[in-house]
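First the structure, in the form of structure tokens, and then the observations on it.
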Amino acid sequence: MNTPAPDPTPQPRPQNPVRLVLIGAVALVGAYMAAQMAVRLSSLWMLIFGSVLVAVILRSIADPLVRRTPLGDGAATLVAVLVVIAVLAAISALFGQAIATQLTGLAERVPAGWDYVRGQVQASPLGDQLLEAAGAIAGQAGRALVVAQRVATSALSGVATLVLVMVAGVFLATKPAVAREGALALAPLSVRPRLREVMNACGRALKGWLKAQLLSMLLVGTLVGVGLWLIGVPSPLALALLTGLAQFVPVVGPIVSAVPALLIAATVGPNALLLTLALYLGVSQLEANLITPLAQRNVASLPVVLGIFAVVGLGSLFGPLGVLFATPLALVIYTAVTMLYRQDVLHDPDARAPGETPR
């Protein structure tokens with residue numbers, strides 16, 4: 001009688017339930033700690049993203065120099081920094097004193113404008129109802145004003161942080177490939193080529209969006225400044241600067257920037273108030289239907305609805321810096337999701353990410 005040969009295949013060892021529980025507990029604790037770190041260091045992530053935006057701006061100037069001149073990345077970035085400093089110095093020399101004077105006058109006139117408007121409303125037959133409605137609207141808009149105040153306070157008190165962001169942005173712009181490959185070193189080798197494509201597409205998307213956004217801010221600020229000057233509203237240069245800068249934050253920025261202009265125009269007279277309201281509505285429509293589409297033609301853009309929800313969501317997560325960087329950060333997330341999920345997971349043939357070169 002032959003004895004059956006033993007099965008050479010090794011049998012799986014039974015899993016120790018205590019060991020499995022410990023591994024699961026360690027994984028849960030690790031995930032919780034990672035989430036807590038991400039939340040508590042939210043300001044750090046926003047500052048890192050701000051440094052990336054600074055690097056993108058500098059590379060927008062340096063890249064043409066690298067392509068058309070014998071300058072390397074370091075020398076071209078230095079030239080880009082000098083160009084930015086020269087432009088800011090020229091603006092300060094030409095308009096700095098006037099802007100400072102008008103900003104001081106603006107801070108003095110806005111409360112007087114509010115008092116004037118409130119007095120006029122109270123004198124009307126429907127004054128109480130209008131003031132109640134205005135109070136309700138002000139309550140809803142209060143968050144936006146608080147965010148704007150916090151951003152302004154942070155910008156004034158965080159000079160050291162701003163310098164840190166600028167310096168980090170210069171270093172990133174000097175060696176962008178080194179920074180990219182350093183981040184990719186944390187990913188598995190098999191996915192690095194695809195992640196490199198995604199990061200390059202995000203960089204192109206940010207570069208195109210920033211160029212279009214700066215052009216839109218310049219045109220809107222110029223149109224508003226000229227219009228307010230023609231109407232006869234005081235401090236037109238300061239109001240134009242405020243309006244232009246506010247265009248960087250979609251939805252919230254233009255609304256907030258229009259309030260002081262309307263209050264000051266009310267002190268001039270009802271005709272100035274109506275003309276100023278018509279000016280801001282007209283420039284808003286022109287910006288939405290002509291300036292922005294022309295500026296963003298052939299460059300990356302973000303769906304308007306996503307931009308609105310990005311301001312609300314990222315503002316809730318990251319505070320004032322989240323509101324400030326909502327649109328560019330949403331653009332990066334939108335690009336990554338399109339390429340890594342819609343293209344790689346869903347295999348959607350119509351998925352085209354902003355900033356992605358045609359295949």
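The values are calculated or read from the model by the stated rules, or taken from the named source; none is laboratory data. Remember, it's a predicted structure, so these values are computed and weren't measured experimentally. Neighbour counts are summed over all protein chains in view; Cβ atoms, including those assigned to glycine, are modelled from backbone coordinates with ideal geometry. Accessible surface areas use protein heavy atoms only, side chains included; no ligands, DNA or RNA. Shrake-Rupley method; radii C 1.70, N 1.55, O 1.52, S 1.80 Å.
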Q | Counted charge near VAL83, where neighbours are those whose Cβ lies closer than 14 Å (Asp, Glu -1; Lys, Arg +1) | A | 0
Q) Could you sort LEU290, LEU262, LEU331, LEU230 by accessible area so the largest value comes first, with the probe set to 1.4 Å? A) LEU230, LEU290, LEU262, LEU331
**Q.** For GLN247, residues with placed amide H under 5 Å, excluding near neighbours
**A.** none
